[in-house]
């Protein structure tokens, strides 16, 4: 149970082409105060007249979690059965399911690469030993990599769908960083001294450079070029950041009567700010609480939960609203109101969204409703 909780927290944290030595241009950036909040309809081409979500009935089975989207209409989910983890593909509208893969080692996490052509499966069958297995859409193993580790953090390269950056932790939380290349079947160690990295172009990663000797609420955001092994400063006073293909999201602390985060959206290739908005901040003991978020590349829309007011997270009782921000227009749209902040994972086309700590629920962007995906 402790290990599963660790993965939940790591997932929430994740919950990931710029010149790494130049700051982003923030001149003439549109301000959120000039935006109109709308509740316009979403395109309906994806939804046929008779297409309705068929809940997955797993009552009596040992459901583990929904791993990821297989494609726009089906997902991969994991059940545990007599010490064996089985991964099934489930079609959301027909209710059909088929065995995708099974393993004698428990499946701990799973994540698709950018174009969903491969899936990285994280398993562990012995104390302090884990394995990452990359499989294609037929379930055929393409690459396996084992390491002595207590825990793992990994991040697919959205610009190169064969690469994944991995941080392996020992029990004392010392760590080693590795670059795995599925196509060349290689693993390369890197001397990157920050564990939680995200990609900002095909050969550049980024990370918050925390001072380990102090309890800070914000840190500078740096980039690191893997080929030249050079580091560059991107931003100061950042409390969190998210990186997706062609989008960098930076949460900057703003001092004032009430703590807020200035959430800036940047085009990493042009080194330019696209839009920004202010978000109330909740304090969570020694850090700021950052709500769950996701980005749909094809729609150019960023989705995030947002608190209604500032305060302490453990006493906050107002729930959250789910909003989207259009990178093309800068418009904000409210999707859900007065709801819980839980992990999000949008389908590749962005019309449906897995929701919940086990991705056991589904958000329909057309109707703006939440339904149970899994009955267990």
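How large is log10 of I(q)/I(0) for region 186-230 at q = 0.29, 0.30 Å⁻¹ when the intensity is taken from the Debye formula with one equal scatterer per alpha-carbon?
One equal scatterer on each Cα of region 186-230 leads to -1.16, -1.20.
Run the numbers for residue 312 and residue 328: contour at 0.36 nm per residue of separation, minus the present Cα-Cα distance, in nm.
Values: separation 16, 0.36 × 16 = 5.76 nm, distance 3.37 nm.
Gain in length upon complete extension: 2.4 nm.
Provide the gained length on full extension for the span residue 231 to residue 173, in nm with one decimal, where the gain is 0.36 nm per separating residue minus the Cα-Cα distance.
Details: separation 58, 0.36 × 58 = 20.88 nm, distance 2.34 nm.
Full extension of this stretch gives 18.5 nm more.
So if we plug the beta-carbon distance of residue 117 and residue 144 into 1/(1 + (r/R0)^6) with R0 = 22 Å, what FRET efficiency do we get, rounded to 0.05? Mind showing how you got there, number by number?
Working: r = 17 Å, r/R0 = 0.79.
Once rounded, the FRET efficiency stands at 0.80.
Given the alpha-carbon gyration tensor of the chain, what are the semi-axes of its equivalent ellipsoid in whole angstrom, ordered largest first, with each equal to the square root of 5 times an eigenvalue? It would help to have the intermediate numbers written out before the result.
On the way: eigenvalues 186, 149, 81 Å².
For the chain, the ellipsoid semi-axes come out as 30, 27, 20 Å.
Over region 151-262, what is the mean sequence separation of C-alpha contacts under 8 Å (at least six apart), divided by residue count, expressed as relative contact order in percent? Could the numbers behind the result be given before it?
On the way: 217 pairs, mean separation 17.6, N = 112.
Once normalised by length, the contact order is 16 percent.
Label residue 193 and residue 258 with points 7 Å out from Cα along Cα→Cβ: what is the distance between them in nm?
Each label point is offset 7 Å from its Cα along the Cβ direction, giving 4.0 nm.
Pull up the DSSP beta bridges for the chain and report the antiparallel fraction as a percent, rounded to 5. Can you show the working numbers first?
Details: 123 of 130 bridges.
Of those bridges, close to 95 percent are antiparallel.
Would you mind ranking 351, 357 so that the residue whose beta carbon has the fewest other beta carbons within 10 Å leads the list? If you can, show how the numbers build up before the last one.
Details: 351 21, 357 15.
So the residues, fewest neighbours to most, are 357, 351.
Taking other Cβ within 10 Å of each residue's Cβ, how do 161, 123 sort, fewest first? All intermediate terms of the calculation are to be shown ahead of the outcome.
On the way: 161 17, 123 20.
In increasing order of surrounding Cβ atoms, one gets 161, 123.
If each of residue 300 and residue 184 carries a label point 7 Å out from its Cα toward its Cβ, how far apart are those two points in nm?
Each label point lies 7 Å from its Cα, and together they span 3.4 nm.
Can you sort 156, 173, 145 from fewest to most other Cβ atoms within 10 Å of each residue's own Cβ?
Details: 156 22, 173 9, 145 18.
Going from sparsest to densest Cβ surroundings: 173, 145, 156.
Rule-based calculations on the coordinates, nothing more; no lab input. Here the structure is a predicted model, which means the values were calculated and not measured. No Cβ is skipped: glycine too gets one built from the backbone with ideal geometry, and neighbour counts run over all protein chains shown.
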